[in-house]
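*Asks:* Okay, handing you the structure first.
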Amino acid sequence: MSPLGGAHPGAPGRNPDAPAGRAPGPHGYTMGPGAPRLGASRRPWPDDAEPAQWIAERLEEAGATLLALPSTGYTTALRLTRLDTLNPGAEPTLEPRTRLRPAMPGTAAVSRMDEAFGWLGLIPQDRYVLRRILGARALVHPLNGKHIHSWRKLAQRLGADHNAVRRWHADGLALLVRALRSGR
């Protein structure tokens, strides 16, 4: 056995673009998000964890990471100008409010985010509503930890009962657990 734990050039599942004699990337995957690690069990969750709960927490961590990424760069939004209705000297002086920004996520957090959101692709195409529910419910504010979309808001947008949306969320998590166990 090689010192790399069986990940030698030409091994099954080995990334052909990876340099010869080196282990897979730092995330341990060679076939894209959601792929099983070489030499590891097919399930990504720890032995003592409840799989559906662990996947939900990983998706929420990914949503918080996504929302913490800076939104800089070019935008297509139009800048609006307003006409002053008062003289600039007549306006009351307000101290500028400081807007809190979450810390920039590290590369490991972004890699975990890519992996977790890649799992949504394991949900069959004909169950796209489950993908939407899991993706929307994964969005968690990075500073206060609250969900951006409540159960009732999701239910209103989907035109369904909020208890049905909770059941569909659980069904989506169960689909992900089965898909990750089977190694699809």
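The values are calculated or read from the model by the stated rules, or taken from the named source; none is laboratory data. Nothing here was measured: the structure is a model prediction, and the numbers come from that model. All Cβ positions, glycine included, derive from the backbone under ideal geometry; neighbour counts span all protein chains shown.
*Asks:* What are the pairs, 6+ residues apart or on separate chains, where a residue within the range 161-184 that is on the phi < 0 side of the Ramachandran plot has its Cβ under 6 Å from a residue that is assigned to a helix (DSSP H, G or I) and of a type outside the set (A, V, I, L, M, F, W, C)?
*Replies:* Listed by first residue and then by second, the contacts come to His162/Arg152; His169/Arg137; Val177/Pro51.
*Asks:* I'd like to check something: does the range 114-129 contain any residue that is closer than 14 Å to Leu69 by Cα and modelled with pLDDT of 85 or more?
*Replies:* Within the range 114-129 (the criterion being closer than 14 Å to Leu69 by Cα and modelled with pLDDT of 85 or more), the answer is yes, since at least one residue qualifies.
*Asks:* Follow-up question, since we're still on this one. Before we move on, is Leu120 under 14 Å from Ala52 (Cα atoms) and more than 15 Å from the chain's Cα centre (by Cα)?
*Replies:* Against the criterion (under 14 Å from Ala52 (Cα atoms) and more than 15 Å from the chain's Cα centre (by Cα)), Leu120 does not qualify.
*Asks:* Among the residues of the range 150-165, is any outside any strand (DSSP E or B), under 26 Å from Ala103 (Cβ atoms) and not charged (D, E, K, R)?
*Replies:* Keep residues of the range 150-165 that are outside any strand (DSSP E or B), which gives 150-165.
Checking which are under 26 Å from Ala103 (Cβ atoms) leaves us with 150.
With the extra rule that they be not charged (D, E, K, R), the set shrinks to 150.
Yes: one or more hits.
*Asks:* Here's a follow-up. I'm trying to understand the selection: among the residues of the range 144-161, which are closer than 24 Å to Trp54 by Cβ, of a type outside the set (Gly, Ala, Ser) and either in contact with a Cys (Cβ under 6 Å, 6 or more places away or on another chain) or surrounded by 13 or more Cβ atoms within 10 Å (Cβ to Cβ) (or both)?
*Replies:* Filtering the range 144-161 down to residues closer than 24 Å to Trp54 by Cβ leaves 144-151, 154.
Checking the rest, the ones that are also of a type outside the set (Gly, Ala, Ser) come to 144, 146-149, 151, 154.
If the condition is that a residue be closer than 24 Å to Trp54 by Cβ, of a type outside the set (Gly, Ala, Ser) and either in contact with a Cys (Cβ under 6 Å, 6 or more places away or on another chain) or surrounded by 13 or more Cβ atoms within 10 Å (Cβ to Cβ) (or both), then His147, Ile148, His149, Trp151, Leu154 are the ones that fit.
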